[in-house]
1. In debye, nearest 20: dipole of the stretch 82-145 around its Cα centre with unit charges on the Cβ of K, R (+) and D, E (-)?
2. Give the whole-number value, in cubic angstrom per residue, of the convex hull volume spanned by the C-alpha atoms of the stretch 1-127.
3. Which net charge results when you count Lys and Arg as +1 and Asp and Glu as -1 among the other residues whose beta-carbon is under 12 Å from that of PRO230?
4. Provide the net charge surrounding GLU461, with neighbours chosen by a C-beta distance below 15 Å and charges set as Lys +1, Arg +1, Asp -1, Glu -1.
5. Which three extents, in angstrom, do the Cα atoms of the chain have along their principal axes, listed largest first?
6. So how much slack lies between HIS437 and ARG80, counting 0.36 nm per residue of separation and subtracting their Cα-Cα distance, in nm?
7. If you line up the long axis of helix 453-474 against the longest principal axis of the chain, both from Cα atoms, how many degrees apart are they, to the nearest 10?
8. How high is the relative contact order of the chain, in percent, counting Cα pairs under 8 Å that sit 6 or more residues apart?
Amino acid sequence: MSIRRAWSVMRVAVVGGGITAFAAAHRLTELVPEVALSLFESSHRLGGVLETTRRDGFLIEGGADNFITTVPWAVDLCRRIGFEDQLIQTNSGCRHAFVVRKGKLLPIPDGFVVMAPSKVWPMLTTPVLSPFGKLRLACEYLVPQRTVSEEESLASFVRRRFGRETYDRLVQPLVGGIYTGDADKLGLRSTMPRFAEMEAKHGSLIRALRSQPKSSERSGGARYSMFVAPRDGMSSLMEAIASKLPDGCIHFDALVERIVKAEGGWSLSFASDIGCPSEFDAVVLATPAMPTAKLVASLDEDLARELKSIHHASCSIVSLGYARDQITHPLDGFGLIVPKIEQRKILSASFSSIKYAGRAPDDHVLIRVFIGGDHQHELASLPDDDLLATATTELRDLLGVKGDPMISNISRRAAAMPQYYIGHADKISHIRDRLSHHPGLFLAGNAFDGVGLPHCIHSGEQAAEGLVKLYAKKN
Ligand SMILES: Cc1cc2nc3c(=O)[nH]c(=O)nc-3n(C[C@H](O)[C@H](O)[C@H](O)COP(=O)(O)OP(=O)(O)OC[C@H]3O[C@@H](n4cnc5c(N)ncnc54)[C@H](O)[C@@H]3O)c2cc1C
């Protein structure tokens, strides 16, 4: 392909209308303001799985409700688009969460960081683990390092180092909450490489975590709480990014069906005539892996096969608004997670209006209940009435909720969460290898190097930067 165009006539298509696509489009216009950019989204709205709804004074998120600040990309983007002052911190009063044990809510021990404890005393005193479970956990110091180089599952790693009880009672529900996944299938290196590195470097995770600076010392004094959220919800962030893009570049109801090589670039086929050009010099596909596989199927079967093989989990979120006095539990935390061994029908519940201000009217509470995931995928697709009944029954049991919710909202997120199974890293490196045969075509999104919003933003921005670098070389 020989492309020698001035940037002013360089035609770039970004396919997708989620955070990844908007991050890619924004970075591109930031680097090359004169680029001729078109963004194609199949639905009638921006945001993809991000969707904020306001009803009766409640602010309801249908997907992500916050993002982590320990990696820079989301906060950086907010800063660059002048959105930083819209970020709110988690409520400082009760920055902890609960785990269900035998039907009761117990606090997750302070300092337990997803997979491992960083503080001794809370682990010794927690009622979440039995005396035997605690003893086995403490023996982590003595567990020898693994010498086999094959990737280990996340579950096997935790059971090996900390014992089955710590896995069943703490790690499984925490990981289930992040990936809605099955930790026996998730690969350690692909999901939590940091913990594999800690074992390799320090021989023990407890030793590694205890040798780290306290979080308040992080980068010379953390400016944010670990998680932040847009004051007016995720849709306001999407609108803020969209407002920075060139006028008229966003096309809704534009379902792209196929991408093929064309003279000097790429040609897109649309499901219906959207009245805009279909030939481009470069294309960023910022769609989830399954639609991306369909788009590239006629271009590269091998690439399509690899993309298709990335499994995605489904879940549904039931958001419920109650008057505060309908709930007996003090709600002195951000939410609860449910271990699989408790055999309940929900994965977790987030006390949204406790976590962030402005999510419910005064004297009311908004709770988001997550149902489904890899372990209970059949529950995610229950009819609305059954989802609602499942969520309200579980909350009645766990939180002592009385009466019906005053509002309810259901968001279905089918096949929305990619699962980084064992071997994912190899799969991604094969995908990148195939892509190198198609210069000018870029893939970005949550299927590759991280599912959280900061990683999606990074992935989109990297695609834009790669594109600019490629054309800088050619011109
Ligand atoms: C329930 C849930 C809760 C989450 N919570 C958090 C959280 O709290 N914090 C966090 O950091 N992350 C969270 N995540 C993860 C994060 O929200 C997602 O990884 C991220 O939003 C994905 O963005 P994306 O743009 O890559 O994909 P998407 O949001 O899926 O966007 C892809 C877009 O592409 C469009 N599209 C697809 N095919 C085509 C086509 N052929 N032509 C044109 N358009 C097409 C779709 O309509 C869609 O709009 C959560 C995810 C889920 C599902």
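Values in this text are rule-based calculations from the coordinates and carry no lab data. Quantities reported herein were computed from a predicted structural model and do not represent experimental measurements. Here the Cβ is made from the backbone with ideal geometry for all residues, glycine too, and neighbour counts use every protein chain on show.
1. My answer is approximately 500 debye.
2. 228
3. Local charge sum for PRO230: -4.
4. Values: positive: ARG27, ARG79, ARG80, LYS244, LYS469; negative: GLU30, ASP76, ASP449, GLU465.
Every neighbour counted, the sum reads +1.
5. Computed over the chain, the largest-to-smallest principal extents equal 69, 57, 45 Å.
6. Numbers: separation 357, 0.36 × 357 = 128.52 nm, distance 3.35 nm.
Contour length minus the Cα-Cα distance gives 125.2 nm.
7. Result, in degrees: 20.
8. Answer for the chain is 26 percent.
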